[in-house]
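Working notes, structure below.
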Amino acid sequence: MFELMVETVQTGTFEIRKKSSKILRAFLGSCVGVALVDKKNGVGGMLHILLPEPPAKAAVDEPEKYASTAMPVFLEALYDMGADKNELVAYVAGGSLVGKVSMMDLRLDIGGQSAEVVANYLKYEGVKIELAETGGYISSQMSLDMNEMTCDIEPILNLHPSFDQIPEVESKFNINEVINDIKPIPQIALKVIRYINDGYQSMSSIAEEIRQDQILTAKVLQLSNSAYINPGRKITSIDRALVLLGEKRILLLTLSVFTEMFYQQSEQGYSLTKGGLFHHAIRAAALADKLALYTHLVSPDEAYTAGLLHDIGKTALDQVMVHDYPLFYKKMTDETDLALTEIEKELFGYSHTDVGDILADRWDLPDILGEAIRFHHQPEKAILNHELTHLVSLANTLTNSFASGSAVSNAKSGNLELTLEVLKLTPEKLSEFIDTIDWREINNLGL
């Protein structure tokens, strides 16, 4: 017996292998995965598509990102490896939220159009589609076993323990007791949040506190040297990081470190992988930061902070979910017409946005951050800074759609048409923004 090694196929790439002890795997939200297998010749591969078409007709630097340009390149590489077109069979997955295509709801448009381009190209090439599992509201996992030359497509929620004969038990708890049991975010993190929100020009005192903590220093330097934060020379000290990145960026990274400790209080619940809540949070924060820079409507620092904290309410419900999480996953799988917050209220009496609002109030977070936490699934209800809340809502949606696989989500959010209007974005501009993101870097944040 030999152990199969798992290799993740990142967004906008493909992998091709001869028969071997490998499993190729992709986590898919709005993205579309294509697996092609030639069992007779022992050749197969997987493609992870981001968008249906390049945003412009000019030369394409990364053809693997787009369905229309990736499919010819992918097939040609398979033929070069020894695959026979007449022996190939295809498996297609992803494109969640596929349904009636709405030009104003780009989440539907991206998944739907990508899946359609793939299906049309395979038909044109005469390649049989053995299995297609596209659409719906739940992210999926595609796995290609290169030893058996077989492909499995499963909703991510189904990868958790069996849901057979789960009793419908109502969870009774005192929300104040649950919140009191949560390890609070340290005072230094709350100080960082207030400094960022109030626009202090000098924050050297906090930088000095970072220097005195070896563990905190190491974690901040680790984040400082990530490809997303610093693609240049290696940073080896806090002083060097302060010079190259600036005080505010260091403070945001410090906040990220404390948030990671906070989000990792539960071992099972919302997280689909180890540290899944934090991975989702830091990816949403990075996208909120980039959206703020792209739209010029809100402070990038506040956007990053709000993105990092938007799901803090899940840490409390994680404690409640310990015994009931199989029922929670079953409802997520069976009742896909309901939003996540509706399922939470049905089972626990509170949604994670309700609990997040309570935590924000207890910690005396700035009101605009509390509003973003409370209404990131209903941004139309925001009053104090509706641009920030809509921006965090969009960052959360994009994270669920294109950086899926770390935390539970059914990908439903607020009114995207209104969000685009508030953020002064057209569907074309949003598509352009999505295309500028290095999704491999985003997916590697916090790992």
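The values are calculated or read from the model by the stated rules, or taken from the named source; none is laboratory data. Note that the structure is predicted; figures quoted are calculated from it, not measured. Don't worry about glycine lacking a Cβ; one is built from the backbone with ideal geometry, like all the others, and counts go over all protein chains shown.
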Scan the range 196-206 for residues that are surrounded by 15 or more Cβ atoms within 10 Å (Cβ to Cβ) and at pLDDT 65 or above and jot them down. I196, N197, I206
Members of the range 9-27 found to be modelled with pLDDT of 90 or more and in a strand (DSSP E or B), listed by number: T13, F14, E15, I16, R17, K18, K22, I23, L24, R25, A26
Which numbered condition in (1) more than 18 Å from E148 (Cβ to Cβ); (2) at pLDDT below 90; (3) β-branched (V, I, T); (4) not in a loop (DSSP other than H, G, I, E, B) is the only one that V6 fails? (1)
Any chance the range 297-313 includes a residue that's more than 21 Å from L384 (Cβ to Cβ) and out of contact with any Cys (no Cβ under 8 Å at 6 or more places or on another chain)? no
Being in a loop (DSSP other than H, G, I, E, B), small (G, A, S) and either modelled with pLDDT under 90 or more than 21 Å from the chain's Cα centre (by Cα) (or both), is that true of even one residue in the range 390-404? yes
When you look at G45, is it closer than 18 Å to E133 by Cα and buried (at least 23 other Cβ atoms within 10 Å of the Cβ), yes or no? yes
Kindly evaluate E125 against the criterion of being modelled with pLDDT under 95 and in contact with a helix residue (DSSP H, G or I) (Cβ under 9 Å, 6 or more places away or on another chain). yes
Need pairs with beta-carbon distance below 7 Å; first residue crowded, with 18+ Cβ neighbours inside 10 Å and within the range 290-303, second hydroxyl-bearing (S, T, Y); sequence gap 6+ or separate chains. A292/S299
Within the range 87-100, is even one residue among the β-branched types (V, I, T), assigned to a helix (DSSP H, G or I) and modelled with pLDDT of 90 or more? no
I need a count of the residues in the range 334-349 that are surrounded by 16 or more Cβ atoms within 10 Å (Cβ to Cβ), outside any loop (DSSP other than H, G, I, E, B) and at pLDDT below 80. 0
Need at least 3 residues that are among the hydrophobic types (A, V, I, L, M, F, W, C) and at pLDDT 75 or above per element, so show me which helices (runs of 4 or more DSSP H) inside the range 207-263 make the cut, counting only ones lying wholly within it. 214-224, 247-263
